[in-house]
Amino acid sequence: MKRTFLAKLQISARYSLIGALLLVLGVPLYQLFVLIPSGYGDALTTLNSTLRWINTHSFLFLGYRALLIIAFALMLGLPFALFRIIVAQEILGREEDEEAGGDEGEEIDEQGENIEHGEDAPAQEKEEDGDQADGMPSFAWRGKGYAVIAAWTGWLGLIFFAGGTLASTIYLLSSASSISPQGALTDNVAPLTGFFAILTFTVGGGLLALSCLFFGAVIARSGRNLWPTMWVTFGYLALTIAALMSGSAVEVAFAPTTGQAILSTPAILLFALWVLWFAVMVVRLKPE
């Protein structure tokens, strides 16, 4: 890979690495040593008890949610970094196939006309085959429909996860601050809680599920013909994450007032490990 192209990928990978470590280590350790001793686990039994706990532990709750928001925000560069790697790998594979096939003496252009080797291509074609500022060919996105969908849905999914978590944090803090710690609470004290859960876990999680599904399918489709064994395994893991994320999205959609579903935590944790794996592989890449 070109040095400038790889350097930009590794910047995104380092940010993603930090975000993944926050989800894999930072959040669980914060829960274990900060939230659980303060009674957070018992407070999750009902929405009213959760609001009472937030009312008296607002800074602890804010710190917990801040870790989640920062983690997902740091991963925003991941989908397009993975997309660029997929495109670059397919371009390299195509060039290797062309070299293996040898020179045939003449080529057929897109209109079916024969062009002798060494003859200048049209100016428009040269311009299209030129490199962009990020080191990718300008035609790189062509024929990569699934990868393009995966990149955009992944980016939007992370946006919804971070944005939904931020919005629900503000809403819960606002709702908790308006109650009396000793007063009775009605069942309708925070009616939008379910909406924010759907926004985060159903919409955001569903988009991430689609992204992982398409990324995994693109890599698994080429298999060992194009990818090293480690990357093929990485692709199949993405398909597993897609299944878990989809299940979590459906669970929350049917019971939004409960917040996270049973599958939400393992899905997010496995996704974070997948991102961590990707980041480590990219950071270790060397320019050719």
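The values are calculated or read from the model by the stated rules, or taken from the named source; none is laboratory data. A quick note: this is a predicted structure, and the numbers were derived from the prediction, not measured. So basically every Cβ, Gly included, is an ideal-geometry build from the backbone, and we count neighbours across all protein chains shown.
Residues that are within 27 Å of Ala147 (Cα to Cα) and among the β-branched types (Val, Ile, Thr): does segment 44-54 have at least one?
There is no residue in segment 44-54 that is within 27 Å of Ala147 (Cα to Cα) and among the β-branched types (Val, Ile, Thr).
On the stretch given as segment 7-29, residues that are of a type in the set (Lys, Arg) and at pLDDT below 95 total 1. On the basis of being in contact with a helix residue (DSSP H, G or I) (Cβ under 8 Å, 6 or more places away or on another chain), modelled with pLDDT of 95 or more and more than 12 Å from Phe80 (Cβ to Cβ), does Thr165 make the cut? Criteria met by Thr165.
Residues in segment 64-80 that are in contact with a helix residue (DSSP H, G or I) (Cβ under 7 Å, 6 or more places away or on another chain) and surrounded by fewer than 21 Cβ atoms within 10 Å (Cβ to Cβ): Tyr64, Arg65, Leu67, Ile69, Ile70, Ala73, Leu76, Gly77, Phe80. The residues on offer are Ile91, Ile54, and the sole one that is at pLDDT below 95 and out of contact with any helix residue (DSSP H, G or I) (no Cβ under 9 Å at 6 or more places or on another chain) is Ile91. Just so you know, in segment 27-55 the residues that are hydroxyl-bearing (Ser, Thr, Tyr) and touching a Gly at 6+ places or on another chain (Cβ under 9 Å) include one that is farthest from Thr169 (Cα to Cα), and it is Tyr30.
Among the residues of segment 192-212, write down those that are free of Cβ contacts under 8 Å to residues at least 60 places away in the same chain and of a type in the set (A, V, I, L, M, F, W, C). Selection gives Leu192, Phe196, Ile198, Leu199, Val203, Leu207, Ala209. Taking every residue in segment 45-59 that is more than 17 Å from Gly194 (Cβ to Cβ) and among the polar types (S, T, N, Q) and pairing it with any residue that is modelled with pLDDT under 90 and surrounded by fewer than 16 Cβ atoms within 10 Å (Cβ to Cβ), at least 6 positions away or on another chain, the pairs with Cβ-Cβ distances below 6 Å are Asn55/Pro181. Please determine whether any residue of segment 254-262 is more than 20 Å from Leu78 (Cα to Cα), surrounded by fewer than 21 Cβ atoms within 10 Å (Cβ to Cβ), aliphatic (A, V, I, L, M) and modelled with pLDDT under 95. Scanning segment 254-262, I find at least one residue that is more than 20 Å from Leu78 (Cα to Cα), surrounded by fewer than 21 Cβ atoms within 10 Å (Cβ to Cβ), aliphatic (A, V, I, L, M) and modelled with pLDDT under 95, so the answer is yes.
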